[in-house]
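The values are calculated or read from the model by the stated rules, or taken from the named source; none is laboratory data. This structure is a prediction, so every number in the text was calculated from the model and none was measured. When we count neighbours, we look across all protein chains shown, and the Cβ atoms used for this are built from the backbone with ideal geometry, even at glycine. Heads up: the accessible areas ignore ligands, DNA and RNA and are worked out on the full protein's heavy atoms, side chains in. Shrake-Rupley method; radii C 1.70, N 1.55, O 1.52, S 1.80 Å.
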Amino acid sequence: MASPGSQEFRSSLAPPSSQTPGVSPVSPVPLGLQVPLESPQSDSLKKESSSWIAEAELKSRRQTIRFSLRPKSSRRLSQRSFNAFNELAKLGDPDLLEMVEQEGLTAREIDYAFQQSETLGSKETSFLIPEDLQSPFQRSEHSKDSVFFRDGIRQIDFVLSYVEDVKKDGELKAERRREFEQNLRKTGLDLETEDKLNSEDGKTYFVKIHAPWEVLVTYAEVLGIKMPIKLSDIPRPKYPPLSYMLGAVKLPSSVKYPSPEYFTAQFSRHRQELFLIEDEATFFPSSTRNRIVYYILSRCPFGVEEGKKKIGIERLLNSNTYLSAYPLHDGQYWKPSKTARPNERYNLCKNWARFSYFYKEQPFHLIRNYFGEKIGIYFVFLGYYTEMLLFAALVGLACFIYGLLSMENNRTSTEICDPDIGGQMIMCPLCDEVCDYWRLNTTCLHSKFSHLFDNESTVFFALFMGIWVTLFLEFWKQRQARLEYEWDLVDFEEEQQQLQLRPEFEAMCKHKKMNPVTKEMEPHMPLCHRIPWYFVSGTTVTFGMALLLSSMVSILVYRLSVFATFASFMESEATLQSVKSFFTPQLATALSGSCLNCIVILILNFFYEKISAWITKMGKFVGYPGSYTYMFNIWRSEECGPAGCLIELTTQLTIIMIGKQIFGNIHEAFQPLIFNWWRRRRARTHSEKLYSRWEQDHDLQIYGHRGLFYEYLETVIQFGFATLFVASFPLAPLFALMNNIMGIRVDAWKLTTQYRRPVAAKAHSIGVWQDILFGMAIVSVATNAFIVSFTSDIIPRLVYFYAYSTNSTEPLSGYVNNSLSVFLIADFPNHTVPMEKKDFVTCRYRDYRYPPDHEDKYSHNMQFWHVLAAKMTFIIVMEHVVFLFKFLLAWLIPDVPKDVVEKIKREKLMTIKIIHDFELNKLKENLDVEYGNIMKNVLVDEDNSLKAKTIV
């Protein structure tokens, strides 16, 4: 739709007798296309733009301000001039501002125009706006939810805040701010400053920034932003046939799809009539507006220091020249807007950030429109991951229930608990000297609890999770491809390649290198300059790994040192005899060690929690009585219980996973709440002042550029729990599911209520995290195979079942006796023998070794090698079976669904057709005009000829 014509108003710049400070005009001089960027110079483009500069100079000397509610695209600039400055904007010419000042306007004339424009208050500028659009706000009547300048028309797209510094570098910071804000005005942005006397704390200045239409259309083209050109005729995807059963979890259509689908094309200011522009104020969504303004802020220079040009708002924030820079929220999150503009923040809080909506689907399109694609795709991934966890949680719960139901009938536990079998077996001491001999049936309940997680279903669940993780990743590829189409991100990577360079990196790079694809010079850092940074990074990572390794060894030493203490204490205390049957020294050590491990993990928070599982495995090379394994020749390795080692690994994973999730949710919910309450309490010193929209957002927490990094890290760590060690803890997917259901609403509540609005950013995927997930999926097959083989007791039982059992009716009868070897008490070294003398001649220990009367006593017997061979065979078979299924499923499931491929082709075809028809109609109109002019000239010539003949 073509946009309506523009209305223009002028006002003389003669100094008024009374002035109101703080308001700058909408467009002080026609410099809306000057972009102060950092990149290679282009002399040919500078020459091409000289005609525009000459024109700008003539008009600027009239000292007038032009207010435009709808600027015409061809009002001042020729087509050639537009192209020239657009290319300079893309290339980022570092001398563009200086060129304009030298060839167009002198610095004195520009400063004079800015000084005069800043003195105009809302009362002086209101008469320049048509009466039907006037809505000037009085300070006392200014709404707390207002997101406009004082004229009530220009929307606030960004806010900068600062306080005056009285220290020695205060003047330097003030000069930086003056230069920076002047350069922002040169790019066409409008600035309005709120004096500190009007702020709540009485010391903070707020600089409000508005991007006029000319700036938006220029940078929309530079950034390659896609905008709607026609209503799409492709129907939305339909729900599956049984979706009516899930009606309770569905959102209303108006919330799930807040706007219709459109065919889109990259915006071009020369084709504005092609796009569906109904209202300039709402054509670009607020997320796009703040993204454009931040792009300008991050590349705007603020002076030359030490011979180097300084650019970017991030440098100013790091030097405390500005306190903060942030876009505004739409309004209050607990009530809708009183104006015609929708309050998207309220809609998100109502339909997404409510804990009572934990069972509802998420409004992904609303999230994307408000926060941008980068945050939107994170919540899409988190929601998809939670949905897939539902299937894994149900299967894991079924395996746990099977273990619970078969616990009483488990043959191993029955023999251990039997007084005539387990009660007659004397076990060797668990530690040196202070520990006594003990009977096997004292671990009765411990063996039953072990069966909950160490049973036949363990193997099945390990195989199932290997296939589940493959389906999870393959279906995520499809979901991501569908999302790329729905959010216009299909060609994002190619289009945005040049725009992803950080301004700080551009400023730091002194060398240029030609891109073989674009044939343009790009910032480049040679290898010799990168080596010092590699060294610093490598040193930092090495230090972190050393710190982690030292923590791991410390926890292992703790476990070995307190094991003997727990064993002797529980043996001597009569009050603990009643709980000794299930609260064994092994379990007590595992619980305390796991809690300590969880605390260390929360403190370090650097590597995955899987390190804790390796701690368990490192203590299991115990040796045998008389030749135990010692750490540093001091601490004796702890032993597994007679029912196996899996229960101890399960205990550690349970404590670490649940403990970290509980701590994480409490920290995420209460930390911003407490900090925001304290900041508001400190700020509210002048209660009679208006607590404005920008001040409310200023007192919120900063989300930061690394906010999503920690969210992804937490999710990936949880994914590791749910896949890497799931064979030992089948309830891990269930706990992960419950945590995610709550975590989605916690994250939504934080973003909408407790954090400043993040700057919108684009992303077409979850990035490197997807590669990490693929790597973890491969490793999970091996880890689960090793857990089943070496930590679980499944393989030894199967070997006994098929090779050594002599009871055909009950094949597992006698397994406990078979799995315990015999040791002669007289063979104990003096420093390990218990202090109290007993009448026992032998004791039992868990291993497959020859008895003391054998010629190869205490050496591994043949059954040990049979069990070891069976374990290795199981690992190889399981890995090959799972990998076969993985590759087969990856081949069968396409990365991009067929219907999405067809929709992409359809949209590309329609976009080309629409643009072709537009250009064709435009060409016809131009030809008609030219033909009319020619015919008019012919008629005039004929008329002149007739008049000449008549005179003759």
Roughly how many Å² of Val166 are accessible to a 1.4 Å probe, to the nearest 10? 140
Quick check for you: which residues of segment 457-486 have the amide N under 17 Å from the point 7 Å beyond the Cα of Ala782 toward its beta carbon? 466
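P(r) tail for segment 217-333, what percent of Cα pairs lie past 20 Å?
Numbers: 4307 of 6786 pairs.
Beyond 20 Å sits 63 percent of the P(r) for segment 217-333.
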What three numbers, in Å, describe the spread of the alpha carbons of segment 158-369 along their principal axes, ordered from the longest? 71, 45, 31
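Which percent of the accessible area of segment 218-313 is formed by carbon and sulfur heavy atoms (probe 1.4 angstrom)? All intermediate terms of the calculation are to be shown ahead of the outcome.
Details: 2510 of 4400 Å².
So the carbon and sulfur contribution to the accessible surface is 57 percent.
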Row for segment 769-924, column shape: gyration tensor on C-alpha, a ≥ b ≥ c, rounded if a/c < 1.5 i.e. under 1.5, prolate if a/b over b/c, else oblate; value prolate
Round to the nearest 0.05 the FRET efficiency obtained for Ser319 and Met738 when R0 = 60 Å and r is the Cβ-Cβ distance. 0.85
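State whether segment 323-423 is rounded, prolate or oblate according to the following rule on the C-alpha gyration tensor (a ≥ b ≥ c being the square roots of its eigenvalues): a/c under 1.5 gives rounded; otherwise a/b larger than b/c gives prolate, and the remaining case gives oblate.
Numbers: a/c = 3.99, a/b = 3.92, b/c = 1.02.
Judged from the Cα gyration tensor, segment 323-423 comes out prolate (a/c at least 1.5, a/b above b/c).
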FRET efficiency estimate (nearest 0.05) - Cβ-Cβ, Ile915 to Met935, R0 25 angstrom: 0.25
Using the structure shown, select from Lys238/Lys922; Lys230/Lys350; Lys238/Lys374 the pairs with a Cα to Cα distance greater than 29 angstrom. Lys238/Lys922; Lys230/Lys350
Per-residue SASA entry for Ile234, accessible area with 1.4 Å probe, Å² rounded to 10: 30
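Express the relative contact order of segment 328-406 as a whole percentage, based on alpha carbon pairs under 8 Å and six or more residues apart in sequence. Before the final figure, lay out each step's value.
Details: 44 pairs, mean separation 12.8, N = 79.
Taking the mean separation of contacting Cα pairs over the length of segment 328-406, I get 16 percent.
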Heavy-atom SASA rank of Arg679, Arg289, Arg844, Arg178 (probe 1.4 Å, accessible area, largest first): Arg178, Arg679, Arg844, Arg289
Expressed in nanometres to one decimal, the distance between label points 7 Å along Cα→Cβ at Ser232 and Leu889 is 2.9
The long-range amide H neighbours of Ser161, using H built 1.01 Å from N in the peptide plane and a cut-off of under 5 Å, are Val207, Leu323, Ser324
Label-to-label distance, nm, for residues given as Val768 and Lys309 (7 Å Cα→Cβ offset): 3.0
On a 1.4 Å probe surface of the protein chains, which of Glu486, Glu175, Glu695, Glu925 comes out largest in accessible area, and what is the full order? Glu925, Glu175, Glu486, Glu695
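Taking only the C-alpha atoms, wrap a convex hull around segment 232-297 and report its volume per residue in Å³ as a whole number. Don't skip to the end; give the middle numbers.
Numbers: hull volume 9.6 nm³, N = 66.
Cα convex hull per residue, to the nearest whole number: 146 Å³.
If R₀ is 35 angstrom, what is the calculated FRET efficiency for the pair Val163 and Lys335, using the beta carbon separation as r and rounding to 0.05?
Details: r = 31 Å, r/R0 = 0.89.
My answer for the efficiency is 0.65.
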Using amide H atoms built in the peptide plane, which far-off residues or other-chain residues are under 5 Å from Asn343 H to H? Ser337
At 1.4 Å probe size, with no ligands or nucleic acids counted, give the accessible surface of Leu923 in Å², nearest ten. 90
Could you grab the relative contact order for segment 158-369? Cα pairs under 8 Å, six or more apart, rounded to a whole percent. 26
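In whole angstrom, how long is each semi-axis of the equivalent ellipsoid of segment 152-263, when you take the square root of 5 times every eigenvalue of its Cα gyration tensor and sort them from largest down?
On the way: eigenvalues 424, 91, 28 Å².
For segment 152-263, the semi-axes come out at 46, 21, 12 Å.
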Inter-label distance for Thr539 and His270, nm, one decimal - labels placed 7 Å from Cα along Cα-to-Cβ: 5.3
At 1.4 Å probe radius, can you tell me the per residue accessible area of segment 158-369 in Å²? 43
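Suppose a student asked you for the relative contact order of segment 733-845, using Cα pairs under 8 Å spaced at least 6 residues apart; what percent would you report? The partial results should precede the final answer.
Details: 36 pairs, mean separation 15.3, N = 113.
Value for segment 733-845: 14 percent.
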